[in-house]
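Taking it in order: structure first as structure tokens, then the write-up.
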Amino acid sequence: MQLTDLNSPGGIGANCLLLQFDGLNIVIDAGLHPKLVGMPALPRLGRLRGLPIDLIFLTHCHLDHLGALPVLAKDHPNTPIIASRETEGYYKRMLQNSYQVMDRQRTELGVGEYPLYSHRDIAATTRQMIGLLAGQPRHFETNSGQRITFTLHESGHVPGAVGLLLEHHHRRIFHTGDVLFSDTALLNGARFPGGDMDTVIIETTRGATARQADRESEINRLLATIGHTASHGGSVLIPVFALGRMQELLRVFQMARADGRLKRLPIYISGLGIELLNQFDKLSRKNSSVRIRKRILRELGAVKLPDSHHPGRCGPAIYLVSSGMMVENTPSYRVAAELLGSHQNTICFVGYCDPDTPGGTLLNLQQGDKFLFKAYRKTVQALAHIEKFDLSSHADREDILHYAMERNPRAVVLTHGDQPARDWFRDRITEIDPACKVVDPEPLRTVTV
Ligand SMILES: [Zn+2]
Ligand SMILES: [Zn+2]
């Protein structure tokens, strides 16, 4: 098999992988690089032009996997795009949100080429999209008579996220996508296939991080922090990703209310997270593994954060708002500007924050340091408590290593990780099975696996 990583800057970046064997050309994901703007944020899709692509797979709806799909689809308008039924249900909403962000950045950052695609391009992807149930094998035959079988397998990462099994003659190739093996309040953990594989393609996101606390104890610590803050008259800001984490925490609050770990407090949430909740409500009625209904908002008394609301001036409350990294001009940034200056309040980060984002900067401050809210030209003394909780939606490195090595693979391909993370996997795999070929693909260079 020939493999080309089209994520030109490397690292986690703009995911897009080309697999070629026996005349078949398969593309997995087409993402946008989260830290780059304009054309450089796209994978090198030019490399695919003129190549007859047989199938495009979309593993899930995070923008580092989905964000460039309309551009790829426009270049290959007759290629089927395969995703899970859940992903099919809400990927367009994610793309529309990405369009709005690019449209805003066009003026804010002066990026002339934004947006990289139009609403029409987003709508056009519908004609190619095929949503499938996980766990059901499908056969595909090309015009030239090549046959392949593929099966999507739930990967537990966000609603609809899947890994991909390709079977060609007697060769089995498995791509994990982004994966979480443990169950959460919102989703089951990954349901991956057993048996031997010829090649396993793995995500390596947490390869440089040793396992620390388990999810359950982190959730209990979060609930205790909320209780403690509220009992001292303070409010809690939890910056969250609108996709997945926000709905998971609503489910956590629902269960914690029922068993007394969380007292009744006003809960404010933000826009895209509510829209996605409505989508997930539809999915959970259709026998999907997503476990959330929109009535949860009524049960919890959770409401959309009003524009006129002033956090910190209306008594204790929970602000469960995006963005997770507190990016400028998002609801979490706005709430932080109001809560940071008082020692009564707590800001709880529950996911990864890039060090270059406002959230990352805040995490590195000492209490009492000054923090500049650039977008508001306002400096605040950081008196609120800043806490970090590990509620990652990526599996521990040991779990991924264990899954891959149990497959007795001839080769393991490393993707979706920074270099130290990939190096950890390479070293451990070589230690466990010196005969196993470890491939850490150099971007844009075609390698034989
Ligand atoms: Zn993801
Ligand atoms: Zn990802």
>> What's the total number of residues in region 422-440 that are within 16 Å of ligand 2 (Cβ to nearest atom) and either surrounded by fewer than 21 Cβ atoms within 10 Å (Cβ to Cβ) or of a type in the set (S, T, N, Q) (or both)?
In response: 0
>> Within region 64-80, take every residue that is under 15 Å from N15 (Cβ atoms) and buried (at least 21 other Cβ atoms within 10 Å of the Cβ) and give me the one that is farthest from ligand 2 (Cβ to nearest atom).
In response: L72
> Restricting to strands (runs of 3 or more DSSP E) lying wholly in region 283-385: which have 3 or more residues that are in contact (Cβ under 8 Å) with a residue 12 or more places away in the chain and farther than 16 Å from M246 by Cβ?
Replying inline: 370-373, 378-381
>> I'd like the residue in region 45-62 that is assigned to a loop (DSSP other than H, G, I, E, B) and either hydrophobic (A, V, I, L, M, F, W, C) or under 16 Å from N15 (Cβ atoms) (or both) and, out of all such residues, is farthest from ligand 2 (Cβ to nearest atom).
In response: L51
> Does I238 fit the bill of being modelled with pLDDT of 95 or more, within 24 Å of the chain's Cα centre (by Cα) and not in a loop (DSSP other than H, G, I, E, B)?
Replying inline: yes
>> Quick check on region 255-288: of everything there that is surrounded by fewer than 17 Cβ atoms within 10 Å (Cβ to Cβ) and small (G, A, S), which residue is nearest to G233 (Cα to Cα)?
In response: G260
>> Just to be sure I understand, how many residues within region 126-166 are within 16 Å of ligand 1 (Cβ to nearest atom) and either closer than 22 Å to S392 by Cβ or at pLDDT below 95 (or both)?
In response: 12
>> Tell me yes or no: at least one residue of region 259-270 is without any contact (Cβ under 8 Å) to a residue 40 or more places away in the chain and in a helix (DSSP H, G or I).
In response: no
> Restricting the search to region 1-32, which residues are within 14 Å of ligand 1 (Cβ to nearest atom), touching a Phe, Trp or Tyr at 6+ places or on another chain (Cβ under 8 Å) and assigned to a loop (DSSP other than H, G, I, E, B)?
Replying inline: D29
> Within the set of pairs 6+ apart or on separate chains, which have a first residue in region 99-112 that is under 18 Å from H33 (Cβ atoms), a second that is in a helix (DSSP H, G or I) and of a type outside the set (K, R), and C-beta atoms under 8 Å apart?
Replying inline: Y99/H119; Y99/I122; V111/M102; V111/Q105
> Checking H416 against (1) at negative phi; (2) crowded, with 16+ Cβ neighbours inside 10 Å, which single condition isn't satisfied?
Replying inline: (1)
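The values are calculated or read from the model by the stated rules, or taken from the named source; none is laboratory data. Please read all numbers here as calculations on a predicted model, not as lab measurements. Cβ sites come from the backbone with ideal geometry, for glycine too, and all protein chains shown count toward neighbours.
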